[in-house]
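Inspection log for the structure reproduced underneath, given as structure tokens.
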Amino acid sequence: MPQFVEVRFKGNRRDFYEWHDSEPLREREPVIVDTDRGLDLGRVGASGRVAETKCERCTGCAIGGAAPPPRGAGEVEGPETGAFVVDEVSGEVLEVRPTTTSTGEGTRRVVRRALPADLRTADELRRNEDDVRRRIRERVAAHSLVMKVSDAEWQWDRKKLTVFFTAEKRVDFRNLVRDLASLFHTRIELRQIGVRDEAVRLDGIGRCGRRLCSASFLTELRPIGLQIAKDQRLSLNPSQISGPCGRLLCCLRFEHDFYVQARKRFPKEHKTVQTSHGLEKVVSLNIFRDLVTLRAEDGTARTVPLLELRADVERVATGAPPAEPPVAAPPPPAAPPPPTAPAPHATPAPRTAPAPRAAPAPRTAPAPRAAPAPRAAPVPHSAPTSAPAAPASPAAATGAAPAGAARRRRRRRGSRRPPRAP
């Protein structure tokens with residue numbers, strides 16, 4: 001029995017194939033698969049029952065469901081997405097088909113496992129795609145087209161080049177596709193994608209600081225509406241609930257089912273219920289703590305558990321008397337504690353004798369003061385040489401001061417005395 005596998009390509013593109021070999025394929029194993037025109041290299045994303053479940057949920061190909069009808073026009077408009085296949089020789093548009101996640105031609109076969117040389121060829125093509133995207137953008141600017149080239153992808157055998165772009169207005173790029181076909185000499189597929197698909201291919205970091213969910217683990221982009229944010233009571237500010245692509249966050253769907261199922265257990269908000277307190281209006285709900293906030297007609301508000309509110313509403317509806325709260329039995333008297341024996345007195349420790357005080361140091365006698373130096377006698381004025389020397393007076397002989405000097409000292413002391421009071 002063949003093994004049914006899901007093969008993933010660049011930019012979360014996927015398709016489903018069959019493997020007709022005795023040795024099964026493993027997850028993340030590189031394989032060479034058959035495509036519309038030639039061979040391509042991808043990696044196994046899932047196998048067995050998991051791949052079959054994913055295929056059943058897919059509605060974009062002939063395997064999982066009916067594909068949308070193709071558009072019969074050579075131009076693309078607005079938010080619709082489509083693929084334009086151009087012949088590499090004549091440059092004419094061969095077909096215009098809507099964008100799908102699968103090829104839509106039934107289940108194909110995996111040709112073989114990829115070899116190391118095949119992986120090196122794929123790496124060279126990935127490095128060359130940056131230069132290809134730059135050259136395509138130059139041609140778009142030369143043709144003055146209002147479109148944004150997001151990415152370019154080579155097929156593994158270089159027989160097809162797929163160009164992904166976004167555009168908001170009506171664009172006529174028939175001359176562009178002819179120019180690209182003559183430039184790269186291969187089959188050109190011009191595919192219009194939305195801004196969410198562009199974020200998947202370019203990847204990036206979300207506002208949470210982690211890698212974008214759509215580019216990491218989400219296998220399909222489900223539609224997200226504003227009602228999902230309303231169900232979770234989130235802020236409707238676009239800057240707070242929008243991602244880098246400008247659309248609503250993909251993670252809003254992660255917990256939406258929980259909120260929907262949890263609110264089914266609660267009464268609807270702004271609904272009036274009949275309780276033992278009369279008519280009360282449901283103001284708010286707390287689904288995490290199972291609490292309901294009610295407001296009576298007189299304006300008083302109260303918060304009750306959900307189970308208690310249900311029982312109260314059912315009791316009022318059936319006319320049963322309100323249940324009285326059970327009276328708790330008084331606790332039994334506590335037994336007196338058993339008497340405890342007094343603790344034995346501890347023997348006091350013997351006192352130790354105080355240490356003897358040190359004897360004071362002997363006081364030393366003060367050093368004797370030095371005697372004042374004797375006062376020198378004033379030198380007498382010498383007499384003129386022409387006059388004969390006068391005999392020395394008795395005062396001078398005894399060393400006393402002359403009388404004139406004593407009078408002068410007394411006169412100075414008298415000038416410093418304060419005047420006497422009358």
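The values are calculated or read from the model by the stated rules, or taken from the named source; none is laboratory data. From a predicted model like this one, the values you see are computed outputs, not experimental measurements. Backbone-built Cβ (ideal geometry, glycine too); neighbour counts: all protein chains shown.
Number of residues in segment 258-292 that are within 24 Å of I228 (Cβ to Cβ) and either acidic (D, E) or in contact (Cβ under 8 Å) with a residue 24 or more places away in the chain (or both): the value is 11. Among helices (runs of 4 or more DSSP H) entirely within segment 172-220, having at least 3 residues that are farther than 20 Å from R14 by Cβ singles out 174-184.
Against the numbered list (1) free of Cβ contacts under 8 Å to residues at least 24 places away in the same chain; (2) within 30 Å of C55 (Cβ to Cβ); (3) of a type in the set (D, E, K, R), R222 comes up short only at (1). Scanning segment 176-218 for residues that are under 23 Å from Q240 (Cα atoms) and acidic (D, E) yields D197, E198, D203. Consider segment 37-62 and keep the residues that are assigned to a loop (DSSP other than H, G, I, E, B) and buried (at least 18 other Cβ atoms within 10 Å of the Cβ). The one that is modelled with the highest pLDDT is C58.
If we scan segment 134-149, do we find a residue that is charged (D, E, K, R), modelled with pLDDT of 90 or more, assigned to a helix (DSSP H, G or I) and touching a His at 6+ places or on another chain (Cβ under 8 Å)? The answer is no, given that none of the residues of segment 134-149 is charged (D, E, K, R), modelled with pLDDT of 90 or more, assigned to a helix (DSSP H, G or I) and touching a His at 6+ places or on another chain (Cβ under 8 Å).
Results for (1) small (G, A, S); (2) out of contact with any His (no Cβ under 7 Å at 6 or more places or on another chain); (3) assigned by TED's automatic domain parsing to the domain that holds I241; (4) free of Cβ contacts under 8 Å to residues at least 24 places away in the same chain, shown as yes or no for each residue.
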position: N128; (1), (2), (3), (4): no, yes, no, no
position: V132; (1), (2), (3), (4): no, yes, no, no
position: D151; (1), (2), (3), (4): no, yes, no, no
position: R158; (1), (2), (3), (4): no, yes, no, no
position: V171; (1), (2), (3), (4): no, yes, no, no
position: N175; (1), (2), (3), (4): no, no, no, no
position: G206; (1), (2), (3), (4): yes, yes, no, no
position: R211; (1), (2), (3), (4): no, yes, no, yes
position: L226; (1), (2), (3), (4): no, yes, yes, yes
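Being at pLDDT below 90, surrounded by 14 or more Cβ atoms within 10 Å (Cβ to Cβ) and of a type in the set (V, I, T) holds for only one residue in V111, V200, and it is V200. Only one of the numbered conditions (1) farther than 30 Å from L202 by Cα; (2) basic (K, R); (3) in contact (Cβ under 8 Å) with a residue 24 or more places away in the chain is not met by R295, and that is (3). Only one of the numbered conditions (1) surrounded by fewer than 13 Cβ atoms within 10 Å (Cβ to Cβ); (2) modelled with pLDDT of 90 or more; (3) not aliphatic (A, V, I, L, M) is not met by K169, and that is (2). Would you mind stating whether G206 is surrounded by 13 or more Cβ atoms within 10 Å (Cβ to Cβ), under 18 Å from the mean Cα position of the chain (by Cα), over 30 Å from E269 (Cβ atoms) and not charged (D, E, K, R)? So G206 fits the description; yes. One residue alone among L234, L249 is outside the structural domain of D151 (by TED's automatic domain parsing), modelled with pLDDT of 90 or more and more than 30 Å from L161 (Cβ to Cβ), and that residue is L249.
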